[in-house]
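Below is one structure, written out as structure tokens, with a few remarks after it.
Nothing in this text is a laboratory measurement; each read-out follows from the coordinates by a stated rule. Not measured: the values here are computed from a predicted model. Cβ atoms come from the backbone with ideal geometry, glycine included; neighbour counts cover every protein chain shown.
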Amino acid sequence: MSFDFGDQQLFKYDDDLKDLIFLKTELNWEHDHPVLGTDILNNENKLFASGSSDNYVKIWSMQKDLVREIHFPERIYSVCFLNSNGDLLVGHLGKVSLITREDYAPDNHLNKF
């Protein structure tokens, strides 16, 4: 299996096989430019975030369903979950912005995942 720079693919670690399993998905809601940062929120919601030079941070379910996309005025260089609540830190153009879970998922929207 080969990938191009900026490709986004989802893998799951299988404890029994002690190997990564490629999760094939039919959805194509990925970024238009290379992904420069990702992180996984490993709480009951099991989400991951990706940030790209297309100026978007996208929040995904582990099934690769797009939960939310957040547009920034400049390129995203890094994303990481700050805590188990799902608050995000986003690095962009010499700045770090905090996006709280309530800002991108009001009214417990994430509990459906």
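Here is how the numbers come out for the structure above:
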{"item": "Label-point separation, L66 to V96 (7 Å along Cα→Cβ), nm", "result": "2.9 nm"}
{"item": "Radius 13 Å from Cβ of D87, net charge of other residues (Lys, Arg +1; Asp, Glu -1)", "result": "-2"}
{"item": "Summed residue charge, Cβ within 12 Å of D54's Cβ, Lys/Arg positive, Asp/Glu negative", "result": "-2"}
{"item": "Cβ-placed point charges (K, R +1; D, E -1), dipole of region 27-107 about Cα centre in debye, nearest 20", "result": "180 debye"}
{"item": "Peptide ranges 73-82, 47-56, 96-105 listed from the most packed, as the mean C-beta count within 10 angstrom indicates", "result": "47-56, 73-82, 96-105"}
